[in-house]
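Undergrad: Input: one structure, supplied below.
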There are 2 protein chains.
Amino acid sequence: MDTPRRQDGRQSALAPEYAAQPDHIAPDSRRRRRESHEAVLRATKDLLSEVGYQRLTFEGIARRAGVSKATIYRWWPNKAALVIEALSGEVPLPPIHETGDLEADLRTAVRLTIELVSAMPTCLILPALLADVIEDPTGTGAFAELIEPRRASVVKLLERARLEGRLPPDTDTSLMVDIYSGTVVYLAAVNRIPPGEAVVGQLVSLLLHGHLPVSKGPAPADREESPGA
Amino acid sequence: MDTPRRQDGRQSALAPEYAAQPDHIAPDSRRRRRESHEAVLRATKDLLSEVGYQRLTFEGIARRAGVSKATIYRWWPNKAALVIEALSGEVPLPPIHETGDLEADLRTAVRLTIELVSAMPTCLILPALLADVIEDPTGTGAFAELIEPRRASVVKLLERARLEGRLPPDTDTSLMVDIYSGTVVYLAAVNRIPPGEAVVGQLVSLLLHGHLPVSKGPAPADREESPGA
DNA sequence: CATACAGTACGAAACGCACCGTTTCGCCAA
DNA sequence: TTGGCGAAACGGTGCGTTTCGTACTGTATG
C-alpha cells in the first residue's frame, strides 16, 4: 500500500520456510508467495483464538491479513486445511524422547495429547475441525499429517515395550493410543476444559496396571463434575 | 398439502409426546402446534441422513417439511436443539436392564453408546453437533438431556458393582464411562465408521480386567487400520 | 551487463448464490 | 379476540469464483 515492501533478499530468507510446508499445490509453486503466506497463517491463528473455529471465515482472515480472498483460495482448498497448517506450525512437539521408564513415557504422551487439544483457544476447535475433515475428505491427508506422527511415535514406544516384555505380549498398543486420545478429546470437548494431571495419572494407571482409582490428592479442579453436567 | 391430515383425537395422541420434550418455549405452549411439529422432526431426520449435520439447514428443513421457516424458529432456538430433539426421539434406549453379570451389562452399555453414535447417517454428526453445542451453550441442557440419562444409568450400575465388591472399592466409575464413551466417539469419527464388536470386548476387558489384548477371532472389519491412516 | 519480454502471483472488486435470523402480512382455527 | 400458521420479503454475511490491472520474477536478448 503506502509502505511498499522491500524486495531484496526476500527470496533467500523465505526459501527454507516454504520447503517446510505441506505443499498444498506445490512446495513453493512456480514463483514466490512472499509474506502473504505468513500473514495468512498469522491471521488464522489470531482469529482462531479470538472467535474460534466455527466463526472463523476466509473473508475475515483475508481482511485481517490484508490479503486478497482469492489468494487464500489459491493456496488452501478449505478452512480445515488452513487451520491444520496453522496449528501444526504452532505445536512443535518433538518426538517423545524415551526415558526407558514406560510409565513416565506414556504419561508424557498423554500430556502431549492434552497439550495438542488445548493448543488453541478454548478446546472446542477439535470437534469442529474433526467434523469438517470428516465431511470433506480432501483434508484428511493434512489432518493425518498433524496427528499421525505423534500417534506413530507413541505406538512405536509401546510396541518396543511390548516386545521387551514390559507389556503383555498380546497387548493392542494401537488401541491403547486411541483410548487415551479419545478420552482426552472427549473430556476436553464435553467439559469445555482439557483434562488435568489427575486424568493423566488415571489413564496411565488403567492402561498399564488395569487399575482406575479415583484421582487421589488435591484434585486439581478437573473431573470434579462429569461431562453431562 | 393435498392430503390434509385428520385432526380428530390429535390432542390426546400427542400430549404425552409434548410432555416428553425439552420444552424450548413451553411444553405445548398456549395453543396446539399440530402436525407441523412432527413434519419438522421428520424432515430433520430425513435430511440428516441425506446431507449430514453440517449441510443441514433451517431453510432446507422448512422446504422439506412444507413448513414456514418462521415456525421452526419459533419453536427451536437453533439447529443443535432441533437435531437433539429429533435424535432423542430416534433412539429409544430403555434404561439398561441389568443382568447382574457386570461384564455383560457393561458390554451392553458400550454397545448402546455405539448405537447412539451410529444412530444417524454416517457417524460424523456427533463431532459437529458437539462443536455446535459447545459454541452455543444454549443447547447444552438439551444435549445433556440426550446423553446424561444413559450416562447416569451406567454409572449407577457400576457404582452398585463397586459397592458390592465386584469392582475395586476405589474405582472411578464415572471416568470408566467417559473412557469408553470417548473412545467410541473418537474411533467412530476418525475411522469414519463406528467400532465393531471387537472393540466392545477390548474396552470391557480393559476396564474390568485391566487387560487389552488385540482383538481375537475373525476380526470383523473394524480396527483394521488406525485412525490416522 | 543492461534491457525487454513473458509468466504469474498479487490486491481489489465484483459476481451470483445460499443461508441466516427477523419481520410483516393475511388466514384460519380455537 | 387470540395466536399459531404459511408465504414472502427484509438486510446481512459468507461462500467460491471471476475479472482486472499491477508488480515482480526469471530468462532471453541486445
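For (1) more than 16 Å from DNA strand C (Cβ to nearest atom); (2) at positive phi; (3) within 14 Å of chain A (Cβ to nearest Cβ), each residue gets a yes or a no:
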| residue | (1), (2), (3) |
| --- | --- |
| B:Gly60 | no, no, no |
| B:Ala65 | no, no, no |
| B:Glu115 | yes, no, no |
| B:Leu130 | yes, no, yes |
| B:Asp136 | no, no, yes |
| B:Ala144 | yes, no, yes |
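Undergrad: Kindly list, by first and then second residue, each pair from a residue in the stretch B:180-195 that is assigned by TED's automatic domain parsing to the domain that holds B:Arg150 and within 15 Å of B:Ile125 (Cα to Cα) to a residue that is surrounded by fewer than 24 Cβ atoms within 10 Å (Cβ to Cβ) and polar (S, T, N, Q), limited to pairs with Cβ atoms under 7 Å and residues at least 6 apart or on different chains.
TA: B:Ala188/B:Ser118; B:Arg192/B:Thr122; B:Pro194/B:Ser118
Undergrad: Are any residues in the stretch B:63-83 in a helix (DSSP H, G or I), more than 7 Å from DNA strand D (Cβ to nearest atom) and surrounded by 16 or more Cβ atoms within 10 Å (Cβ to Cβ), and if so, which ones?
TA: Scanning the stretch B:63-83 gives B:Arg64, B:Ala65, B:Ile72, B:Lys79, B:Ala80, B:Ala81, B:Leu82, B:Val83.
Undergrad: In addition: Considering only the stretch B:129-146, state which residues are under 13 Å from the mean Cα position of the chain (by Cα) and modelled with pLDDT of 85 or more.
TA: Scanning the stretch B:129-146 gives B:Leu129, B:Leu130.
Undergrad: Still on this structure, please answer the following. Scan the stretch B:170-179 and tell me whether some residue there is hydroxyl-bearing (Ser, Thr, Tyr) and touching a residue at least 24 places away in the same chain (Cβ under 8 Å).
TA: Looking for residues that are hydroxyl-bearing (Ser, Thr, Tyr) and touching a residue at least 24 places away in the same chain (Cβ under 8 Å), one finds none in the stretch B:170-179, hence no.
Undergrad: Against the definition (surrounded by fewer than 24 Cβ atoms within 10 Å (Cβ to Cβ), of a type in the set (Val, Ile, Thr) and more than 21 Å from B:Ile179 (Cα to Cα)), how does A:Thr138 come out, yes or no?
TA: Taking the combined requirement at face value, the residue satisfies it.
Undergrad: Among residues belonging to the stretch B:67-85 that are within 11 Å of DNA strand C (Cβ to nearest atom) and within 14 Å of another protein chain (Cβ to nearest Cβ), point out the one that is farthest from the chain's Cα centre (by Cα).
TA: Result: B:Asn78.
Undergrad: Taking the condition basic (Lys, Arg) and within 8 Å of another protein chain (Cβ to nearest Cβ), does A:Arg111 pass?
TA: no
The values are calculated or read from the model by the stated rules, or taken from the named source; none is laboratory data. If you're wondering where the values come from, they're calculated on a predicted model, not measured in any experiment. FYI the Cβ positions are ideal-geometry reconstructions off the backbone, even for glycines, and counts take in every protein chain you see.
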